[in-house]
1. In whole Hz, with x marking every Gly and Pro, tabulate ³J(HN,Hα) for region 200-215 from phi via Karplus 6.51 cos²θ - 1.76 cosθ + 1.60, θ = phi - 60°.
2. In bins 5 Å wide, starting from 0, what share of all Cα pairs of region 128-250 does each bin hold, as a percent?
3. For Lys56, go through the aspartates and glutamates and keep the ones whose alpha-carbon is under 17 Å away, minus same-chain ones fewer than eight residues off.
4. Can you tell me which lysines have their Cα less than 29 Å from the Cα of Lys238? Leave out same-chain residues fewer than eight positions away.
5. What are the ³J(HN,Hα) couplings of region 62-69, residue after residue, when phi is run through the Karplus curve with 6.51, -1.76, 1.60 and θ = phi - 60°? Round to Hz, x for glycine and proline.
6. I'd like to know how region 1-127 sits against the 2.2 N^0.38 Å rule of thumb: what's its Cα Rg over that expected value?
7. Which value, in Å³ per residue, describes the convex hull spanned by the Cα atoms of the chain?
8. Please compute the contact order of the chain in relative form: average sequence separation of alpha-carbon pairs under 8 Å and at least six residues apart, divided by the residue count, as a percent.
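Rule-based calculations on the coordinates, nothing more; no lab input. This one's a predicted model, so the numbers in the text were calculated from it and none came from an experiment.
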Amino acid sequence: MEKLEWKGTKQYPEILFYPVQGEFIYRGCVICEDTIAFHRPVIDMLSEFNRIYPDKPLKVIFGLEYTNTQGSKSINNIFGLIKAHCKSSHNQVTIRWYFNKDDEDIFNLGEDLRYHFNIPLELIEIDEYDDPLRIRRSGESPEVFFHKAEGIFEIKGNSITEKPIEFFQPLIRPIESMVWNNKEKHYTINIIIESCNRGSKDYIQRILSFFNECENVTAKWYYKQGNEEMHSLGQILKSELKYDLELIQI
C-alpha cells in the first residue's frame, strides 16, 4: 500500500497514513462542505489496510481543532474502521485524542467515540507550552530546542528511536501553531543530525516544511565529514524546501 500525506488548510484537516508503519494521524479543522467526498479516499485506504494487514498494530493520533456536523459523521465512519481493526488485531491499537484545554466540544466528541465504539481511546489535554521548549538528548533521541519568542529551532544528536511518532508528535502542534500565526517573524534553524532512521526523517522533513511560507528563514544543516547519509539527506531537504537550507560540513 502507498502512504497518504494530505497537508491541512484552514478548512481541511491534515491526514497522514503510513500503512506499512501502522500510523494514522488526523489533525486540524474540518469545515469543508462535502466531507463525505473528501474523506472517501481515506475510508477506502483504511478498509484496504484492514483487509491487507488485519493483524498489524496501529497507532492513531487525532488532534482536532474544530469540526462541523458533517465532519463529525465522517470521523465517526473512520472510527468504525478503527474499531474493526481493533477486533482483527486483537486490540493492538493505540488511540490518542488531543484536545485544547477548555475545548469541551472536542473533548466530548472524543469521549463519545470512546464510549460508542468501546475502544482504547486516550484523551490528552493540551495546555500552554513552555517557552523555550527543550527535550534533552538520549542515546536514541536528539536534543530539541524551540524558542518561540526568539524564533529559534534546533535539533542535535542521533534520531534513531523506534517510536518516532511518540517523540516528535508533541512538538508538531506548538511549532506549527507558532509559525502559522507568525509568518513574518525571522526564524533561525540549526540541524546537526549524526544518524537518523526512516521514521525520524519523515518527521524532521515535516517540521521543516512548516517554515515554507515564512518570509525570513536562516536554516543550516550541519553534517560531519564522511557522513554521506546525512549529507544526502540534507541535499534532499534542500531541494524540497521553499527556503534556502545551507549545507555545512564540520
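1. Along region 200-215, the couplings run 5, 4, 4, 6, 5, 4, 5, 5, 5, 5, 4, 8, 4, 8, 7, 7 Hz.
2. P(r) over region 128-250, rounded to whole percents: 2, 11, 23, 25, 22, 13, 4, 0, 0.
3. Within reach: Glu2, Glu23, Glu48, Glu162.
4. Filter leaves Lys3, Lys7, Lys10, Lys148, Lys156, Lys163, Lys183, Lys185, Lys201, Lys220, Lys224.
5. Karplus values, whole Hz, x for Gly and Pro: 10, x, 6, 9, 6, 9, 8, 4.
6. Region 1-127 yields a ratio of 0.98.
7. Roughly 131 Å³ of hull volume per residue.
8. Dividing the mean separation by the residue count of the chain yields 10 percent.
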